[in-house]
There are 2 protein chains.
Amino acid sequence: MKLATYKDGSRDGQLWVVSKDLALAAPAVGIASTMLEAVETWDAASPRLQALYERLNARDEAFATRFEPERCMAPLPRAPQWLDASAFLNHGRLMDKAFNNPPNPDFETIPLVYQGASDDLRGPVDDVEFTDDSLSIDMEGEFGVIVSDVSMGISAEQAISHIRLLVQINDWSLRKLGPREMRAGFGWLQAKPSTAFAPLAITPDEIAPFWDEARVKLPLHVAINGREVGRANGAEMHFSFGDIIAHCARTRRLSAGSIIGSGTVSNADRAAGSSCISEIRVIELLDQGASATPFLTWGDRVRMEARLPNGSAPFGVTDQRVVKA
Amino acid sequence: MKLATYKDGSRDGQLWVVSKDLALAAPAVGIASTMLEAVETWDAASPRLQALYERLNARDEAFATRFEPERCMAPLPRAPQWLDASAFLNHGRLMDKAFNNPPNPDFETIPLVYQGASDDLRGPVDDVEFTDDSLSIDMEGEFGVIVSDVSMGISAEQAISHIRLLVQINDWSLRKLGPREMRAGFGWLQAKPSTAFAPLAITPDEIAPFWDEARVKLPLHVAINGREVGRANGAEMHFSFGDIIAHCARTRRLSAGSIIGSGTVSNADRAAGSSCISEIRVIELLDQGASATPFLTWGDRVRMEARLPNGSAPFGVTDQRVVKA
């Protein structure tokens, strides 16, 4: 099924169910008032949400209205936790070149994960605000999962059973601030402003058989101002979401509603393009001797959508404009 | 006034008001059900909480019962955000020696802050669970503030006006995992398990005149298994809480209820002792040629309390036992 969070003036928004074809939506009244409540009470809530979903798909739901993505917040506007990996090694290798990072001896064996801010996650068509466009404004197209409660020390295999919903992410980044924060050793803070999400959080069956080996094996189409720059496939994710969850839970519990990200979707085949500008610029530098593609500035638009073979977008679309705060 | 969160089986607990002498407590029924709700609706809630506080202090509150710290969760068991600085440069210098870190050119001018997990903050007398006591289990005694909504790009001076409550913190750490995570550049994750809090979140007037220059200028008494190892004073904090909040909000908004930490309280005067074991061990190494104090193991107890000149503990006490998960 497909779930969305509609704006209602509150910080957490209101849970709605969306039909498979994205035509209709209905509020999950009486089941769970928010996405977080649904995830926290999943065993009780999900069969009832599924029943509502099936009524919507059958055009048999009295409270159905047209699905309006512009009314959507992030599926979890305020999540208990946002942990973002860098699980596509092709991206990691290119970024190490871009940032001139020292070699990481654990690169292929231990996932790299940073803790991001989860208090102010942004909706799919919300403007993204920055104070300064000289900080190298960039996007990062990613996939993610929302988990139920995860206990400390869980295995990667067990971790997979805690995945409740899949999401599509634009992890906005300020590249000029990245290298200093990496060198200082405390991780990213200013370099990672609020992250944005496609409107729909979906159960894994929605993209079967492309949810496979705990990876979203779909191409993520990324466009800047209407020009497609990337269509990298999630299949090349080196660490699975199970691996990443287990890494995060090694010394802590994860609360229901925690979001785990894949990091920038990236493929070794250059024909797939890139899901972030930094990668594009490093490739330009390597192949042509100089970076040509500029970072983003006021008014630029970034659109991202994963696509099924039939061309449909199972998570909906992020389509955001960069604006001055 | 002094506020606490009592366990009630929910993830966010129940808001209570505690008398100045820590003798009595009463639920904030009809004002705000949780600490987060109180902070989010501060202008409306705080005068009513203050009135309840004054009735408690005057022994004139019908629903008052004995204050029971063992019923307390963290003031915000689930905070929108937990951002922890390293604002005591004496601590930073010693830790750089302990971890053999490269020099940080911005050490005295740009605060070091990491984003911590805020979904599972622990109460003052909760056992602290770890899976492995070979990971160098350590404590970090700190002060912190809870803010109202903060806008992006705020100045350090303006930021101070958003401080609503002060807290006392034990930022549990796993030292063996720290250096690898620092070198990898994505910041701490496994090295920083769930953080614990003293029972009381207090308004700054509670410790006047020791809330000064946006710093908590009180000694933090730290004891391991009943032996005091530290009494460092918060006055030596190099960056103020205003500086740290402004640093965190440079490229993002901070939601009401975000917690900002000072980092380990540390003084240049060796007579003040230390608020973490790593510091003790580095000093032993520097002064005596070898570290002698062991990290913590199963059954060890850590007690922390800030003290006013009259000996009272304005935040209450954290007194926790290290146990195997």
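The values are calculated or read from the model by the stated rules, or taken from the named source; none is laboratory data. The structure displayed is predicted, hence computed values, not measured ones. Note: ideal-geometry Cβ built from the backbone for every residue, glycine included; neighbour counts use all protein chains shown. Accessible surface is based on the protein model in full, side chains and every heavy atom, while ligands, DNA and RNA are left aside. Shrake-Rupley method; radii C 1.70, N 1.55, O 1.52, S 1.80 Å.
With runs of 4+ DSSP H residues as the only contributors, calculate the mean residue ellipticity of chain A at 222 nm using -39,500 (n - 2.57) per run, divided by the residue total and rounded to the nearest 500.
Numbers: 7 runs with 65 residues, N = 325.
Only helices count here, giving -5500 deg cm²/dmol.
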What's the minimum Cβ distance from chain B to the axis relating it to A, in whole Å, and which residue gives it? B:Gly187, 1
Accessible-area loss of at least 10 Å² in the complex relative to the chain alone (1.4 Å probe) applies, within the range B:117-147, to B:Ala117, B:Ser118, B:Asp119, B:Asp120, B:Arg122, B:Glu129, B:Thr131, B:Leu135
Per principal axis, descending, Cα span of the protein assembly as shown in whole Å: 73, 59, 44
Provide the per residue accessible area, probe 1.4 Å, for the range B:98-192, rounded to a whole number of square angstrom. 32
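Which GluC sites (Glu not before Pro) does the range B:76-179 hold that lie in a coil by DSSP with at most 16 other beta carbons within 10 Å?
Working: sites: B:Glu108, B:Glu129, B:Glu140, B:Glu142, B:Glu157; in loops: B:Glu108, B:Glu140.
Hits after loop and neighbour filter: B:Glu108.
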Inverse of <1/r> over all distinct C-alpha pairs of the range B:186-325, i.e. the Kirkwood Rh in Å, gives 16.9
Solvent-accessible area buried by pairing B with A, both sides, nearest 100 square angstrom, 1.4 angstrom probe: 4800
In what sequence, largest accessible area first, do B:Ile244, B:Ile31 appear using a 1.4 Å probe? B:Ile31, B:Ile244
7 Å along Cα→Cβ for the label point: how many nanometres lie between B:Thr297 and each equivalent label in the other copies, listed shortest first? 6.3
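Carbon-plus-sulfur fraction of the accessible area of the protein assembly as shown, 1.4 Å probe, in percent? Can you show the working numbers first?
Working: 11590 of 22910 Å².
Carbon with sulfur: 51 percent of the solvent-accessible area.
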Take chain B, connect every pair of alpha-carbon atoms lying under 10 Å apart with a spring to form a Gaussian network, then pick out the residue of B:Asn100, B:Asn170, B:Asn90 with the largest mean-square fluctuation. B:Asn100
Tilt relative to chain B, helix B:277-288 - C-alpha long axis, 0 to 90 degrees, to 10: 40
By how many degrees, between 0 and 90 and to the nearest 10, does the Cα long axis of helix A:89-99 differ from the longest principal axis of chain A? 50
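What order do A:Lys324, A:Lys7, B:Lys192 take when sorted by accessible area (1.4 Å probe), most exposed first?
On the way: A:Lys324 125, A:Lys7 95, B:Lys192 10 Å².
So the residues, ranked largest to smallest area, are A:Lys324, A:Lys7, B:Lys192.
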If you build a Gaussian network model of chain B, linking Cα atoms that sit under 10 Å apart, which residue out of B:Ala64, B:Ala32, B:Ala74 swings the most? B:Ala64
Helix A:42-57 sits off the longest principal axis of the Cα atoms of chain A, rounded to the nearest 10 on a 0 to 90 degree scale, by 80
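Averaging over all projection directions, find the projected area of the Cα convex hull of the range B:270-325 and quote it in nm² with one decimal place. Could the numbers behind the result be given before it?
On the way: hull surface 20.8 nm².
Hull-based average projected area comes out at 5.2 nm².
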In vacuo Debye scattering of chain A, one point per C-alpha: log10 I(q)/I(0) at q = 0.07, 0.08, 0.11, 0.15 Å⁻¹? -0.25, -0.33, -0.64, -1.23
Compute, for B:Ser136, the solvent-accessible surface of its heavy atoms (probe 1.4 Å) with the complete set of protein chains present, and express it in square angstrom to the nearest 10. 20
Among the lysines, which fall within straight-line cross-link reach of B:Lys7, defined as a Cα-Cα distance under 26 Å, with same-chain neighbours fewer than 8 residues apart omitted? B:Lys20, B:Lys192, B:Lys324
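Working from the pairwise distances between different alpha carbons, so that the mean of 1/r is found and then inverted, what is the range B:239-286's Kirkwood radius in Å?
Working: mean 1/r = 0.0758 Å⁻¹.
So the Kirkwood estimate lands at 13.2 Å.
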Qualifying chymotrypsin sites (Phe, Trp or Tyr not before Pro) for the range B:267-315 [loop in DSSP, other Cβ within 10 Å: at most 14]: B:Trp298
Using a label point 7 Å beyond Cα on the Cα-Cβ vector, give me the inter-copy distances for B:Ser151 in nanometres, one decimal, shortest first. 4.8
Minimum 20 Å² accessible area buried by the other protein chains, the range B:179-225 residues, probe 1.4 Å, relative to alone: B:Arg180, B:Met182, B:Ala184, B:Gly185, B:Phe186, B:Gly187, B:Trp188, B:Leu189, B:Gln190, B:Pro193
Which distances in nm, rounded to one decimal and ordered from shortest, link the label point of A:Ala235 to the equivalent label points in the other identical copies, with labels set 7 Å from Cα toward Cβ? 6.7
Cα atoms only, the range B:1-109: Rg and Dmax in Å? 19.2, 59
Using every alpha carbon pair in the range B:101-244, what percent of pairs falls into each 5 Å bin from 0 up to the bin containing the largest distance? 2, 8, 14, 19, 21, 18, 12, 5, 1
